[in-house]
Amino acid sequence: MKINENTLLEGHKVVLVPYNADHVPRYHEWMKSPELQQLTASEPLTLEQEYDMQRSWREDSDKCTFIVLDKQRWADTGVEEEQCMVGDVNIFLTDPTDPSVAELEIMIAEPSYRGKGIGKEVTLMMMCYGVTKLGVKKFQAKIGLDNQVSIAMFKKLQFQEASVCKVFKEVTLELTVDESVRTRLLDDTANVKERDYRQTCSNRQELVSS
Ligand SMILES: CC(C)(COP(=O)(O)OP(=O)(O)OC[C@H]1O[C@@H](n2cnc3c(N)ncnc32)[C@H](O)[C@@H]1OP(=O)(O)O)[C@@H](O)C(=O)NCCC(=O)NCCS
């Protein structure tokens, strides 16, 4: 999706930035991990295929993705952006007849960043972006039945079980965005600032001093 190609979202612990070609090598390294392949139900790709995938996430109108950066680290201009990457988050508009239905995917790829509230913060930020900028009215998350952490996180965010597919060993959790969900979401993300990505890149220290 082009809509977020110059969007930076600043949260408490993270900044979300558009997925661009500079991020691909680190992303490709992450996805060599058998654990991450299993938890995210992904097939390993060659570096070339990963670049193609990045382009498709940027160009296709049904996909929106952000890379998750450690905010504190990124504010240090001496650190390469690639070294601040901790994960990614995606929205995929799965139903061509109804663009208000979105599948949500999140990955905190760096194990040392898990269990610190980052997954929850990023998911809420992406949901808010989906609701306010893309008009999403229903979120779905497809999660491996063994992935208890992810299931627990989405349930904590009020997602409910919609179906279980025994063949793929996966559960689909859903959340319909009614007025009360929308209000809560806006409340939970009231701190989030939207900035111009390219401009902020040239003055990263602003993030910790503002
Ligand atoms: C699943 C994932 C996104 C969760 O993000 P996280 O940053 O580790 O989780 P958070 O610290 O934000 O915790 C959010 C909730 O998850 C649950 N959770 C987190 N760690 C947990 C653990 N070790 N055991 C059980 N539940 C846990 C809790 O419900 C927690 O809410 P609480 O802290 O209010 O109780 C992250 O662990 C991850 O990316 N894992 C690898 C890839 C993956 O599984 N992606 C999801 C594919 S569907």
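FYI, it's all coordinate maths here, none of it is from the lab. In this text, all values refer to a predicted model and were calculated from it rather than measured experimentally. Glycine gets a Cβ as well: all are built from the backbone with ideal geometry, and neighbour counts include every protein chain shown.
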| task | Using only Cα atoms, locate the centre of segment 10-61 and the centre of segment 63-105, then give the distance between them in Å, rounded to an integer. | result | 9
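What ranking do 12, 28 get, fewest neighbouring Cβ atoms within 10 angstrom at the top? It would help to have the intermediate numbers written out before the result.
Numbers: 12 11, 28 19.
Placing the least packed residue first, the sequence is 12, 28.
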| field | Cα shape, segment 106-145, gyration tensor, a/c 1.5 rule | value | oblate
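Counting Lys +1, Arg +1, Asp -1, Glu -1, what net charge surrounds residue 161 among other residues with beta carbon under 12 Å of its beta carbon? Don't jump to the answer; show the numbers that get you there.
Details: positive: 142, 155; negative: 170, 174.
After counting each charged neighbour, the total is 0.
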| request: Calculate the radius of gyration of the Cα atoms of the chain to one decimal place, then report Dmax, the largest Cα-Cα distance, as a whole number, both in Å. | output: 16.5, 51
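For segment 1-51, which semi-axes, largest first and in whole Å, follow from the square roots of 5 times the eigenvalues of its Cα gyration tensor?
Values: eigenvalues 109, 44, 18 Å².
Value: 23, 15, 10 Å, ordered largest first.
Over its Cα atoms, what ratio of radius of gyration to 2.2 N^0.38 Å does segment 56-125 give?
1.28
Name the shape class, rounded, prolate or oblate, that the alpha-carbon gyration tensor gives for segment 74-192, where a ≥ b ≥ c are the square roots of its eigenvalues, rounded holds for a/c under 1.5, and otherwise prolate holds if a/b is larger than b/c and oblate otherwise. Could the numbers behind the result be given before it?
Details: a/c = 1.79, a/b = 1.28, b/c = 1.40.
Oblate is the answer for segment 74-192, as a/c is 1.5 or above yet b/c matches or exceeds a/b.
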| task | Could you calculate the FRET efficiency of residue 48 with residue 180 from 1/(1 + (r/R0)^6), where r is the beta carbon distance between them and R0 is 45 Å, rounded to 0.05? | result | 0.45
| request: Would you compute, from DSSP H runs of 4+ residues alone, the mean residue ellipticity of the chain at 222 nm, taking -39500 (n - 2.57) per run and dividing by the full residue count, rounded to the nearest 500? | output: -10000 deg cm²/dmol
| remark: Between residue 162 and residue 76, the two model label points (7 Å from Cα along the beta-carbon direction) sit apart by a distance in nm of 4.2
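Give me the number: length gained by fully extending residue 113 to residue 148, i.e. 0.36 nm times residue separation minus the C-alpha to C-alpha distance, one decimal in nm.
On the way: separation 35, 0.36 × 35 = 12.60 nm, distance 1.73 nm.
10.9 nm is the gain from fully extending residue 113 to residue 148.
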